[in-house]
Amino acid sequence: MAQKRPACTLKPECLQQLLVCSQEAKKSAYCPYSHFPVGAALLTQEGRIFKGCNIENACYPLGICAERTAIQKAVSEGYKDFRAIAIASDMQDDFISPCGACRQVMREFGTNWPVYMTKPDGTYIVMTVQELLPSSFGPEDLQKTQ
Ligand code: THU
């Protein structure tokens with residue numbers, strides 16, 4: 001299969017703003033059970049940024065991650081073409097990595113867009129959704145049966 005071009009990179013000032021937004025979003029985290037705040041900032045093709053935080057629940061399985069909060073906010077407002085997402089946590093020595101459920105929800109909206117996984121000092125690693133979730137199942141697959 002032909003290799004797709006990598007997702008286009010963001011201008012440095014644009015990326016910087018996204019990273020700051022992910023850290024701001026983390027401040028709203030509601031995580032009384034895990035005490036593990038996470039923030040996400042999702043950039044749309046139109047240039048809008050949607051922030052999300054993790055929101056836990058006394059009924060533990062109902063908690064939702066920061067990334068999915070941001071994606072659900074954007075989609076529910078009519079935005080579903082995404083340029084990038086940045087994720088922030090309080091882990092000083094590790095880059096925050098999205099859970100499997102969030103990877104699948106990201107994948108719903110394309111495979112070739114970048115996920116910036118950060119540390120509190122603003123350093124990051126970046127991988128595309130395709131790299132984070134190879135051999136994935138997506139909306140196109142539903143069209144492949146007779
Ligand atoms: N969490 C996120 O919000 N995003 C991630 O990428 C990893 C984990 C949340 C879920 C839960 O509220 C807490 O972090 C601990 O797992």
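The values are calculated or read from the model by the stated rules, or taken from the named source; none is laboratory data. Owing to the predicted nature of the structure, the values given are computational and were not obtained by experimental measurement. When we count neighbours, we look across all protein chains shown, and the Cβ atoms used for this are built from the backbone with ideal geometry, even at glycine. Accessible surface is based on the protein model in full, side chains and every heavy atom, while ligands, DNA and RNA are left aside. Shrake-Rupley method; radii C 1.70, N 1.55, O 1.52, S 1.80 Å.
Annotations
- Among the criteria (1) within 12 Å of the ligand (Cβ to nearest atom); (2) closer than 29 Å to PRO12 by Cβ; (3) open to solvent by less than 60 Å² (accessible area, probe 1.4 Å), the one ASP94 does not fulfil is (3).
- Condition check for GLY78 on (1) within 20 Å of THR123 (Cβ to Cβ); (2) free of Cβ contacts under 8 Å to residues at least 60 places away in the same chain: one failure, at (1).
- Filter pass, GLY47 being in a loop (DSSP other than H, G, I, E, B), more than 10 Å from the ligand (Cβ to nearest atom) and touching a Cys at 6+ places or on another chain (Cβ under 9 Å): yes
- Number of the exception - TYR116 against (1) part of a strand (DSSP E or B); (2) among the hydroxyl-bearing types (Ser, Thr, Tyr); (3) open to solvent by 70 Å² or more (accessible area, probe 1.4 Å): (3)
- Checked against (1) over 16 Å from VAL20 (Cβ atoms); (2) surrounded by fewer than 22 Cβ atoms within 10 Å (Cβ to Cβ), ASP121 meets all criteria but (1).
Quick grid of which residues meet (1) part of a strand (DSSP E or B); (2) at positive phi; (3) polar (S, T, N, Q):
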{"residue": "LEU19", "(1), (2), (3)": "no, no, no"}
{"residue": "PRO32", "(1), (2), (3)": "no, no, no"}
{"residue": "ALA41", "(1), (2), (3)": "yes, no, no"}
{"residue": "ILE71", "(1), (2), (3)": "no, no, no"}
{"residue": "GLY78", "(1), (2), (3)": "no, yes, no"}
{"residue": "PRO98", "(1), (2), (3)": "no, no, no"}
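- Residue within the range 71-86 that is charged (D, E, K, R), more than 8 Å from the ligand (Cβ to nearest atom), at pLDDT 95 or above and farther than 28 Å from ASP141 by Cβ present: no
- Scanning the range 22-78 for residues that are open to solvent by 40 Å² or more (accessible area, probe 1.4 Å), in contact with a helix residue (DSSP H, G or I) (Cβ under 6 Å, 6 or more places away or on another chain) and charged (D, E, K, R) turns up LYS51, ARG68.
- Looking only at the range 124-146, residues that are in contact (Cβ under 8 Å) with a residue 24 or more places away in the chain and either open to solvent by less than 60 Å² (accessible area, probe 1.4 Å) or in a helix (DSSP H, G or I) (or both) come to 8 in all.
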